[in-house]
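Novice: Quick one: the structure is below, questions incoming.
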Amino acid sequence: MEDYSAYIPKNEEGKTTLQGLFFNNPSNTAKELYLYPLWGAEYEVNYTYHIDRHYMNSYILFLIEKGKLYFTFDNNQRFTASENSIVLMDCRKRNQYHAESNCRFMFFHFNGVQVQTLYDYLTQNQQHLFTSTNHLTNLFIQLMNLLSKNEFTGNDLHYSELLYEILINMTATDITELDRSILHQTPEIIKRAIAYLDTHYNDSVTIEELCRKLNISATRLSKEFKTYTSTSIHHYLMLVRLSHAQQLLTSRPDLSISEIAPMCGFHDSSHLNKTFDKEIEMTPSKFRKLCF
């Protein structure tokens, strides 16, 4: 088994290990064809915990289960990951993170021949922070459980499938969440509009109908929506529909694209294909194959 000890911090003050460290010994086939974890663990940390990593030839995924972790990536990108957040970083660039109070999280170092393509897509807008879902959290737990078995052969394909599914589902989370960090200062009328679109995405929603529900003029709503979300009502609704289509494509292999389209508010499979190709730059079928 490969020796990872040179990459593991010798003194991690403020850390209690809840699970792990669990190591994987990927086969040569896995290194040539698949995604594979290197190691993972679950930690509970306090305010004295601090990591400053200058270089490692891997990528890292975090799932924050409780509390907050504070990150600095590549010396200039700073962000805070709170409960139910996922963080993705390239460890070949300097990355630092610390806690200021109690925090619990899972993490996995991983690699693979196709990671760079997925990583570049997910972080194309310098986004390294994502919102988890119940499905994503369950995938993290499955991966940790599999790694904890310490079975050093026979799990390469399963490891790769789980990592692919996590990353592919993060693309859906990226679209669904847009940038809602400003919602705390957003007018109530815009919050109500967003909530309505989020829950009626599979209906034939029109701006006129939405305005009647909210008792506001179309001109005013369109202008304020663009101001506080940086996108139009029509485009936001399309992104929500597309996000739900992505989730079904990656979680329901029993459903055809023709079945998925109306479930997500698209007229038919042709409408879904056209929208998918424009926004994701691939067909729904190709997107599905990335995961299955």
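Novice: I want to confirm something. Restricting to the range 38-87 and keeping residues that are assigned to a strand (DSSP E or B) and small (Gly, Ala, Ser), which single residue is nearest to Tyr159 (Cα to Cα)?
Specialist: Applying the filter and picking the extreme gives Gly40.
Novice: Please name all residue pairs, on different chains or six or more residues apart, with Cβ atoms under 7 Å, provided the first residue is in the range 102-118 and is outside any loop (DSSP other than H, G, I, E, B) and β-branched (Val, Ile, Thr) and the second residue is crowded, with 21+ Cβ neighbours inside 10 Å and modelled with pLDDT of 95 or more.
Specialist: Correct list of pairs: Val115/Tyr59.
Novice: Would you pick out the residues in the range 207-241 that are at pLDDT below 90 and outside any helix (DSSP H, G or I)?
Specialist: Correct list: Ser230, Thr231, Ser232.
Novice: Out of the range 275-292, which residues are part of a helix (DSSP H, G or I), at pLDDT 80 or above and surrounded by 13 or more Cβ atoms within 10 Å (Cβ to Cβ)?
Specialist: Thr275, Phe276, Asp277, Pro284
Novice: What residue, among those in the range 13-52 that are surrounded by 15 or more Cβ atoms within 10 Å (Cβ to Cβ) and of a type in the set (Phe, Trp, Tyr), is farthest from Leu143 (Cα to Cα)?
Specialist: For the range 13-52, the residue satisfying everything is Tyr49.
Novice: Restricting to the range 27-45, give me the number of residues that are out of contact with any helix residue (DSSP H, G or I) (no Cβ under 6 Å at 6 or more places or on another chain), more than 11 Å from His109 (Cβ to Cβ) and at pLDDT below 95.
Specialist: 5
Novice: When the range 246-274 is examined, which residues are found to be at pLDDT 85 or above, in a helix (DSSP H, G or I) and not hydroxyl-bearing (Ser, Thr, Tyr)?
Specialist: Ile257, Glu259, Ile260, Ala261, Pro262, Met263, His271, Leu272, Asn273, Lys274
The values are calculated or read from the model by the stated rules, or taken from the named source; none is laboratory data. Please read all numbers here as calculations on a predicted model, not as lab measurements. Cβ atoms come from the backbone with ideal geometry, glycine included; neighbour counts cover every protein chain shown.
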